[in-house]
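Engineer: Sending over a structure as structure tokens; questions will come in a sec.
The values are calculated or read from the model by the stated rules, or taken from the named source; none is laboratory data. The model shown is predicted, which means the values in this text are computed figures rather than measured ones. All Cβ positions, glycine included, derive from the backbone under ideal geometry; neighbour counts span all protein chains shown. For the accessible areas, the whole protein counts, side chains as well, though only heavy atoms, and no ligand, DNA or RNA atoms are used. Shrake-Rupley method; radii C 1.70, N 1.55, O 1.52, S 1.80 Å.
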Amino acid sequence: MQKWKEYKLDQIAHLVKDTFKPNAEESLPYIGLEHIEEQQLRLNSIGHSSEVISNKFYFQPNDVLFGKLRPYFRKVVQPKFKGVCSTDIWVLRAKQGFDQDFLYYFVANKDFVDLSNNADTGTRMPRADWDFMKETDWFLPESIDEQKEIAYVLKCLHEKINLLLNNNNSIENLAQAFFRQWFEEEEND
């Protein structure tokens with residue numbers, strides 16, 4: 001293990017707020033909080049910018065999207081495409097010297113999510129507070145190579161988990177189909 005150093009979040013990541021104003025000429029993929037699965041670090045669907053009526057934020061491929069509304073839901077994704085997202089989502093981009101994939105797993109970790117939840121603003125609709133979070137301290141690897149190695153291992157584990165979840169869903173669907181078929185045959189006899 002290489003040397004680790006204390007950094008403020010603001011030294012690690014940019015909060016990107018490139019505003020998208022809905023228009024008929026530009027059609028882009030849209031990600032709202034409803035498109036991000038809770039706790040799973042994946043999208044369940046994608047909308048279209050033609051369906052939105054208020055301003056949104058642009059994001060680029062591999063930007064980290066962190067749902068700031070009710071952060072305890074841990075709605076975090078890293079799309080591989082460009083598009084627009086809800087303003088209730090932080091668009092984060094790693095600063096120079098930090099790996100974008102490492103940033104993704106860093107903000108998806110329980111400690112980050114818990115702290116962002118504990119320092120939220122609003123009572124009815126709590127939101128993570130960037131002004132607070134950007135000043136928080138974190139011990140991270142100084143070496144970008146070590147960051148990449150850590151991110152690679154976490155990515156492999158994440159892919160295996162998704163594969164197992166997909167297999168589980170496929171097996172469950174197959175079992176349901178057999179179950180329905182069996183009862184339909186019994187009713188027809």
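Engineer: From (1) among the basic types (Lys, Arg); (2) farther than 18 Å from Val77 by Cβ; (3) in contact (Cβ under 8 Å) with a residue 12 or more places away in the chain, pick out the condition that doesn't hold for Arg124.
Structural biologist: (3)
Engineer: Within the range 18-45, how many residues are open to solvent by 20 Å² or more (accessible area, probe 1.4 Å), part of a strand (DSSP E or B) and under 20 Å from Gln100 (Cα atoms)?
Structural biologist: 1
Engineer: Inspect the range 63-80 for any residue being out of contact with any Cys (no Cβ under 6 Å at 6 or more places or on another chain), charged (D, E, K, R), modelled with pLDDT of 95 or more and over 30 Å from Ser50 (Cα atoms) and give the result as yes or no.
Structural biologist: So far as the range 63-80 goes, no, none of its residues is out of contact with any Cys (no Cβ under 6 Å at 6 or more places or on another chain), charged (D, E, K, R), modelled with pLDDT of 95 or more and over 30 Å from Ser50 (Cα atoms).
Engineer: Between a first residue in the range 1-29 that is farther than 30 Å from Ser54 by Cβ and a second residue that is part of a helix (DSSP H, G or I), which pairs have beta carbons less than 7 Å apart while being 6 or more apart in sequence or on different chains?
Structural biologist: If the second residue must be part of a helix (DSSP H, G or I), the pairs left are Gln2/Glu146.
Engineer: Additional query: Condition first: within 15 Å of the chain's Cα centre (by Cα) and either surrounded by fewer than 17 Cβ atoms within 10 Å (Cβ to Cβ) or within 23 Å of Pro61 (Cβ to Cβ) (or both). Now tell me which residues in the range 118-155 satisfy that. Let's see the steps before the verdict.
Structural biologist: First pass over the range 118-155, keeping only residues within 15 Å of the chain's Cα centre (by Cα): 128, 151, 154-155.
Selection gives Ala151, Leu154, Lys155.
Engineer: Sort out which residues of the range 46-82 are assigned to a loop (DSSP other than H, G, I, E, B), open to solvent by less than 50 Å² (accessible area, probe 1.4 Å) and more than 22 Å from Gln100 (Cβ to Cβ), and write them in order of number. Working first, answer last.
Structural biologist: Pass one, the range 46-82, residues assigned to a loop (DSSP other than H, G, I, E, B): 46, 52-55, 60-63, 68, 70, 74-75, 78-82.
After this cut, where a residue has to be open to solvent by less than 50 Å² (accessible area, probe 1.4 Å) as well, the list is 52, 63, 68, 75, 78-79.
The answer is Val52, and nothing else.
Engineer: (1) among the aliphatic types (A, V, I, L, M); (2) open to solvent by less than 80 Å² (accessible area, probe 1.4 Å); (3) not in a strand (DSSP E or B): which one isn't true of Leu15, the others all being true?
Structural biologist: Here Leu15 clears every test but (3).
Engineer: Any idea which of (1) more than 17 Å from the chain's Cα centre (by Cα); (2) open to solvent by 70 Å² or more (accessible area, probe 1.4 Å) is the one Ile161 doesn't satisfy?
Structural biologist: So Ile161 meets the others, but not (1).
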